[in-house]
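Here's the structure, in structure tokens; my notes come after.
The values are calculated or read from the model by the stated rules, or taken from the named source; none is laboratory data. Every value quoted in this text rests on a predicted model; they were computed, and no experiment measured them. Every residue, glycine as well, gets a Cβ built from its backbone with ideal geometry; the counts of neighbours run over all protein chains shown.
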């Protein structure tokens with residue numbers, strides 16, 4: 001089966017600019033996650049969707065980050081305006097259901113560098 | 001905060017068996033234990049999951065004692081390609097997303 005697709009693979013922007021990341025989960029996966037991974041750390045959850053509804057966005061910096069999942073399939077994550085500390089890899093993952101006994105499938109991520 | 005504690009790093013040689021132990025003293029009754037592997041420039045990859053006793057697949061074995069307060073990931077006869085970061089996570093069926101800690105960086109040398 002096809003994996004989780006993410007684009008772009010790399011992005012370099014200046015601080016205060018905006019950026020958007022796209023994720024296409026595995027077909028049929030109802031649950032979608034966005035994680036932020038700073039170099040040397042484990043992934044940190046930003047937001048969790050169940051179909052097109054938000055389950056958990058408690059760790060999402062809502063003053064600058066936004067995410068949507070239209071029609072319960074693809075998702076976009078946006079940062080506006082970006083700060084230097086937003087430099088990280090943004091990982092999208094999907095799972096068949098929102099129970100822990102289903103494994104997550106991660107994409108390869110988008111590496112963002114803010115200069 | 002991550003619910004688990006694991007060593008920051010481990011070193012091994014090719015052909016050896018590697019055991020990575022994870023502590024999860026506050027594991028709840030409904031929590032499963034899951035291990036992920038992450039290579040540089042890639043997203044984490046699911047390795048194995050268990051609830052109690054022993055689980056084995058083509059990649060690894062997972063040992064969970066009766067009190068479930070710890071678990072051990074066993075990698076038989078590691079190779080250079082097993083060099084990666086290994087994450088231990090616990091989660092329940094209530095829908096809460098998995099929380100990652102810093103993981104264990106395994107370095108395999110020839």
Within the stretch A:97-115, the residues that are more than 8 Å from chain B (Cβ to nearest Cβ), surrounded by 15 or more Cβ atoms within 10 Å (Cβ to Cβ) and part of a loop (DSSP other than H, G, I, E, B) are A:102
Candidate set: the stretch B:77-110, residues that are at positive phi and within 11 Å of chain A (Cβ to nearest Cβ); chosen: the one nearest to the chain's Cα centre (by Cα)
B:103
Taking the stretch B:13-45 and keeping only residues that are in contact with a strand residue (DSSP E or B) (Cβ under 6 Å, 6 or more places away or on another chain), farther than 17 Å from residue A:41 by Cβ and either facing chain A (nearest Cβ under 10 Å) or buried (at least 19 other Cβ atoms within 10 Å of the Cβ) (or both), one is left with B:18, B:20, B:22, B:24, B:27, B:31, B:32, B:33, B:34, B:35, B:45
Taking the stretch A:38-52, which residues are buried (at least 21 other Cβ atoms within 10 Å of the Cβ), more than 8 Å from chain B (Cβ to nearest Cβ) and part of a loop (DSSP other than H, G, I, E, B)?
none
Residues in the stretch B:46-76 that are free of Cβ contacts under 8 Å to residues at least 24 places away in the same chain, within 14 Å of chain A (Cβ to nearest Cβ) and over 21 Å from residue A:108 (Cβ atoms): how many?
6
Note on the stretch A:84-96: residues part of a strand (DSSP E or B), more than 9 Å from every other protein chain (Cβ to nearest Cβ) and modelled with pLDDT of 95 or more are A:88, A:90
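Can you tell me how many residues within the stretch A:45-73 are within 22 Å of residue B:41 (Cα to Cα) and more than 10 Å from the chain's Cα centre (by Cα)?
0
Okay, residues lined up against (1) more than 12 Å from chain B (Cβ to nearest Cβ); (2) in a loop (DSSP other than H, G, I, E, B); (3) out of contact with any helix residue (DSSP H, G or I) (no Cβ under 6 Å at 6 or more places or on another chain); (4) at pLDDT 95 or above:
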| site | (1), (2), (3), (4) |
| --- | --- |
| A:2 | yes, yes, yes, no |
| A:6 | no, no, yes, yes |
| A:17 | yes, yes, yes, yes |
| A:36 | no, no, yes, yes |
| A:55 | no, no, yes, no |
| A:59 | no, yes, yes, no |
| A:76 | yes, no, yes, yes |
| A:82 | yes, yes, yes, yes |
Hey, any hits in the stretch A:67-77 for a residue that's under 30 Å from residue B:8 (Cβ atoms) and in contact (Cβ under 8 Å) with a residue 24 or more places away in the chain?
yes
